[in-house]
Amino acid sequence: MTYQEVNKSRRSIRDFKKTKVSEELIHQILAEALEAPSSSNTQPFKVVVATGEILNKIGEELTEKYNISLSLKKKNIFQKLITAYKHKLKPNSIYKTIQGKYPGIYQERRVKTAIGLYKVLGISKKDRLERDLQMAKNFSFFGAPVAIWIFADPKMKYTSLVDTGLFMQNLMLSATDKGLGTCAQGALNLWREPVDTYFSIPEEYELVCGLSLGYPSSEKVNTYRPEKISVEELLIPLKEK
Ligand SMILES: Cc1cc2nc3c(=O)[nH]c(=O)nc-3n(C[C@H](O)[C@H](O)[C@H](O)COP(=O)(O)O)c2cc1C
């Protein structure tokens with residue numbers, strides 16, 4: 001594929017074939033991701049690659065946490081606190097994702113993107129149960145045989161996030177080039193205990209994002225192409241004199 005083809009065909013994949021991805025291919029993709037630029041070449045990131053039985057176990061534990069967190073809605077504040085404490089539901093502390101509404105225009109774009117996705121899936125916006133079920137699929141990696149968690153060293157402050165993003169994009173484009181699909185998932189940033197159970201993550205590293213990796217299935221969900229803003233909207237105009 002040419003760069004243009006890879007760039008255009010990379011889209012978030014939310015249904016994967018069970019087909020395994022070879023260790024050699026995963027290694028190649030990670031090596032290509034490492035070609036990304038980083039601030040003073042510090043490369044302040046590390047990754048966990050989970051497959052097979054360990055991935056299944058992490059998926060089960062994350063799904064359990066998600067289901068318990070859903071059940072909190074029906075509880076009073078006291079029960080909420082006890083349940084959250086007992087099941088370690090406190091979200092990831094340093095690299096937080098926004099819980100609830102996004103500010104201003106970002107909520108509008110978010111809703112538009114979500115409605116487009118639900119339309120492809122045949123889910124009505126009002127169907128909370130179906131939407132929760134779709135959300136739950138994040139925690140079984142949309143059926144992908146590989147999941148990758150990206151950790152960064154917060155001592156490198158904001159550049160650790162910039163560098164991690166560049167690394168992730170290289171990874172996703174490299175995977176696309178090999179006929180694979182990916183979905184970056186903030187959802188996999190919520191709880192890290194299940195990953196910590198199986199991997200020796202250096203203490204100073206914080207979880208930034210997870211992503212699923214595998215061969216895309218032919219399910220309709222993978223045809224979704226959310227609209228991007230135009231170059232005109234992107235550009236900041238000159239000040240008017
Ligand atoms: C940091 C980050 C977090 C994301 N989290 C999720 C997620 O938890 N679940 C999901 O289905 N998609 C997630 N996505 C995918 C976005 O929804 C997707 O990139 C966006 O809608 C644009 O679509 P495209 O990737 O197909 O171009 C995430 C993407 C990024 C970059």
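Which of the residues belonging to the range 74-96 are among the polar types (S, T, N, Q) and surrounded by fewer than 14 Cβ atoms within 10 Å (Cβ to Cβ)? Asn76, Gln79, Ser93, listed by residue number. The condition of being out of contact with any Leu (no Cβ under 9 Å at 6 or more places or on another chain) and either more than 14 Å from the ligand (Cβ to nearest atom) or in a helix (DSSP H, G or I) (or both) holds for only one of Lys80, Lys125, that being Lys125.
How many residues, within the range 190-221, are of a type in the set (A, V, I, L, M, F, W, C) and away from the ligand (no atom under 14 Å from the Cβ)? Don't jump to the end; show me each part of the working.
Of the range 190-221, the ones of a type in the set (A, V, I, L, M, F, W, C) are 190-191, 195, 199, 201, 207-209, 211, 213, 221.
If we keep only those that are away from the ligand (no atom under 14 Å from the Cβ) too, we end up with 195, 199, 201.
Matching residues across the range 190-221 total 3.
Does Leu213 satisfy the condition of being open to solvent by 20 Å² or more (accessible area, probe 1.4 Å) and touching a residue at least 12 places away in the same chain (Cβ under 8 Å)? Taking the combined requirement at face value, the residue does not satisfy it.
Kindly provide the set of residues from the range 161-215 that are in a loop (DSSP other than H, G, I, E, B), charged (D, E, K, R) and more than 21 Å from Glu35 (Cβ to Cβ), ordered by number. Steps first, answer last, please.
If we filter the range 161-215 for residues that are in a loop (DSSP other than H, G, I, E, B), which is where we start, we get 178-180, 190-192, 199-205, 215.
Restricting the remaining residues to those that are charged (D, E, K, R) gives 178, 192, 203-204.
Arg192, Glu203, Glu204 - these are the residues of the range 161-215 that are in a loop (DSSP other than H, G, I, E, B), charged (D, E, K, R) and more than 21 Å from Glu35 (Cβ to Cβ).
Do we have any residue at all in the range 222-232 that's under 16 Å from the mean Cα position of the chain (by Cα), among the aliphatic types (A, V, I, L, M), within 12 Å of the ligand (Cβ to nearest atom) and closer than 21 Å to Tyr102 by Cβ? The answer is no; no qualifying residue exists. Residue check, Ile68 against (1) in contact (Cβ under 8 Å) with a residue 60 or more places away in the chain; (2) surrounded by 13 or more Cβ atoms within 10 Å (Cβ to Cβ); (3) β-branched (Val, Ile, Thr), all met but one. Which one? In the conditions (1) in contact (Cβ under 8 Å) with a residue 60 or more places away in the chain; (2) surrounded by 13 or more Cβ atoms within 10 Å (Cβ to Cβ); (3) β-branched (Val, Ile, Thr), Ile68 misses (1) alone.
Within the range 154-169, the residues that satisfy the criterion of being more than 17 Å from the chain's Cα centre (by Cα) and either open to solvent by 70 Å² or more (accessible area, probe 1.4 Å) or aliphatic (A, V, I, L, M) (or both) are Lys155, Met156, Lys157, Tyr158. Among the residues making up the range 97-108, those that are open to solvent by 90 Å² or more (accessible area, probe 1.4 Å) and farther than 11 Å from Leu190 by Cα are Lys101, Tyr106, Glu108.
Of the residues Ser38, Ser12, which is of a type in the set (Ser, Thr, Tyr) and under 16 Å from the mean Cα position of the chain (by Cα)? If you could, list the steps in order and put the result at the bottom.
Values: Ser38 fails: under 16 Å from the mean Cα position of the chain (by Cα).
Going through Ser38, Ser12 in turn, the sole match is Ser12.
The values are calculated or read from the model by the stated rules, or taken from the named source; none is laboratory data. Owing to the predicted nature of the structure, the values given are computational and were not obtained by experimental measurement. Here the Cβ is made from the backbone with ideal geometry for all residues, glycine too, and neighbour counts use every protein chain on show. Only protein heavy atoms, including side chains, enter the accessible area calculation; ligands, DNA and RNA are left aside. Shrake-Rupley method; radii C 1.70, N 1.55, O 1.52, S 1.80 Å.
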